[in-house]
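A short write-up of the structure that comes next.
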Amino acid sequence: MLMRRRPLLRGAMVGGAAYYAGRKIAQGDERESDQEERLRAMEYQQQAQMQAQQYAPPPPPAAASAQAGASMMEQLTDLKKLLDAGVLTQAEFDIQKTKILQST
C-alpha cells in the first residue's frame with residue numbers, strides 16, 4: 001500500500017512546487033509591468049514639463065532703475081556692516097562689492 005502512495009505523493013509535491021514557482025513568476029511579471037507603467041508616467045510628466053518650460057512666457061522685465069539702485073545701495077550697506085562686524089574679510093567684501101556693481 002505504501003508503494004502506491006509514493007508516486008501520488010511525488011506527483012503532488014512536483015505539482016505543488018510548479019504551482020508555487022508559476023505564482024512567483026506571475027507576481028514578478030506583475031511588479032515589472034507596474035514599474036514600467038510608473039516609469040512611462042514619469043517620462044510623460046517630464047516631457048510635459050519640458051514643453052511647458054520651452055513655451056513659457058519670458059520673465060518679467062527687470063525692476064525700475066530707481067528701485068534697482070536702492071536695492072544695490074541696501075546690498076552695499078549690508079556688506080559694509082558685515083565687514084565692520086568682522087564677518088567678512090576685506091577680500092571677500094571687494095569680491096561681493098564688484099559682483100553687485102557689475103549686476104547693473
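Read-outs: derived from the displayed coordinates by stated rules, not from any lab. The structure displayed is predicted, hence computed values, not measured ones. With ideal geometry, Cβ positions are generated from the backbone for all residues, glycine too; neighbour counts draw on all protein chains shown.
Using the Karplus equation 6.51 cos²θ - 1.76 cosθ + 1.60 (θ = phi - 60°), what ³J(HN,Hα) coupling, rounded to whole Hz, does each residue of the stretch 80-90 give in order, writing x for Gly and Pro?
Result, ordered by residue: 5, 4, 5, 5, 5, 6, x, 6, 10, 7, 4 Hz.
Suppose each label sits 7 Å from its Cα in the direction of the beta carbon; what would the Met50-Thr98 distance come out to in nanometres?
Going from the Met50 label point to the Thr98 one covers 3.9 nm.
Hey, which aspartates and glutamates would be in cross-link range of Lys97, C-alpha to C-alpha under 12 Å, not counting anything within fewer than 8 residues on its own chain?
Cα-Cα hits under 12 Å: Glu74, Asp78.
Count the net charge of all other residues whose Cβ sits under 14 Å from the Cβ of Ala18, scoring Lys and Arg as +1 and Asp and Glu as -1.
In short, +3.
What is the spin-label model distance, in nm, from Arg6 to Ser71 if the labels are put 7 Å beyond Cα along the C-beta direction?
9.0
Taking H placed 1.01 Å from N in the peptide plane, check which residues at least 5 places from Leu88 or on another chain put their amide H under 5 Å from its amide H.
Leu83
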